[in-house]
Amino acid sequence: MKLNGILLARYFAFIDILELNPRGKAYFPNLVKAAVERYRFAKFPQKIEEFDEVKGISFEGGRSDSFNILKVVVHDHAIYVDTSSSTEDSEGLLHEMLSWLAKDHGLIFDGSMISRCTYVSQLAFSSDSLGKAFSPAVLKLADKLSKRVPAYYRQELEYKPSAFLLSYDPLSTKAGPSNFSIERRADSLYVDNKFFSSAPLPTQEHIAALEEMERELR
């Protein structure tokens, strides 16, 4: 497996925003100004209608000391951070940001206030092994389609498995973790063996899971 790029590394923390400012002492516009100065966000809320925790208060295009910040979004019961470096960076940034705002700007925060969390890791990678990650029955069906469809379509077409998905029953929980998926990259030839994968895992665990899958296939 060759990692071609980290497309998204999201840390999603469930935290009651009301508890961060229980007595209303912290003035939100001042917090915004301080965060923009510290993290150099290119886009941030400036109009009153943009301070809507239900829709999400969004900060975009920032920078920490060592990585880019794609987005930070504050909801009434959750905050998520997106980077393109790792979920570890995203998680660390959220804790750093809230701890700094608590220390210098009047918020109340400690790690125990995050009741639970989830991750979204999205990777682009190359692999010569994943074509084998399907049962003989699926490969047999693909071979049958490659022979049968061109007979009436009058064009040679070679069918191959292109994606698979692991998920839980969506009716079992509301707004739960993301699915695990692997699919061929859009706008790339199958022969190039380029793939996209999304997982509800920290970035390094996601990479390790794909590498382990490759070893199993070999």
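Bear in mind these aren't lab numbers, they're just calculated from the coordinates by the rules spelled out. Everything numeric here is computed off the predicted structure, so don't read it as measured data. Note that we place each Cβ from the backbone using ideal geometry, even for glycine, and neighbour counts take in every protein chain shown.
Points worth noting:
- Each of Met113, Met97, Met213 has some number of other Cβ atoms within 10 Å of its Cβ, and from fewest to most they run Met113, Met213, Met97.
- In plain terms, the residue of Thr87, Thr118 with the fewest other Cβ atoms within 10 Å comes first and the most crowded comes last, giving Thr118, Thr87.
- Applying the criteria of a DSSP loop state and at most 15 other Cβ atoms within 10 Å to the chymotrypsin sites (Phe, Trp or Tyr not before Pro) of the stretch 1-48 yields Tyr27.
- Over the chain, dividing the summed -39,500 (n - 2.57) contributions of all DSSP H runs of at least 4 residues by the number of residues returns a 222 nm mean residue ellipticity of -9500 deg cm²/dmol.
- Taken about its Cα centre, the chain carries a charge dipole of about 700 debye when Lys and Arg each add +1 at the Cβ and Asp and Glu each add -1 at the Cβ.
- For the stretch 171-218, the alpha-carbon radius of gyration amounts to 1.40 times the rule-of-thumb value 2.2 N^0.38 Å expected for a compact globular protein.
- If you model the stretch 86-184 as an ellipsoid using its alpha carbon gyration tensor, with each semi-axis the square root of five times an eigenvalue, the axes come out at 48, 16, 11 Å, biggest first.
- Of the residues Phe67, Ser129, Asn30, the one whose Cα sits farthest toward the positive end of the charge dipole of the chain, with +1 on the Cβ of Lys and Arg and -1 on the Cβ of Asp and Glu, is Ser129.
- Helix 28-39 and the longest principal axis of the Cα set of the chain meet at an angle near 60°.
- Applying Stokes-Einstein at 25 °C and 0.890 mPa s to the Kirkwood radius of the stretch 2-120, computed over alpha-carbon pairs, gives a translational diffusion coefficient of 169 µm² s⁻¹.
- Karplus-derived HN-Hα couplings along the stretch 186-198 (A = 6.51, B = -1.76, C = 1.60, θ = phi - 60°), whole Hz, x at Gly and Pro: 5, 6, 9, 5, 4, 5, 6, 6, 9, 10, 10, 9, 10
- Of all lysines in the structure, the ones whose alpha carbon falls short of 20 Å from that of Lys140, not counting any fewer than 8 places away in one chain, are Lys132, Lys160.
- Read-out Rg and Dmax of the Cα atoms in Å, derived from the coordinates shown; its label in (1) 18.7, 57; (2) 16.5, 55; (3) 22.0, 74: (3)
- For the stretch 132-139, Karplus couplings with θ = phi - 60° (6.51, -1.76, 1.60), whole Hz, Gly/Pro x: 8, 7, 9, 5, x, 5, 5, 5
- When each of His206, His75 is scored by the number of other beta-carbon atoms lying within 10 Å, the sequence from fewest to most is His75, His206.
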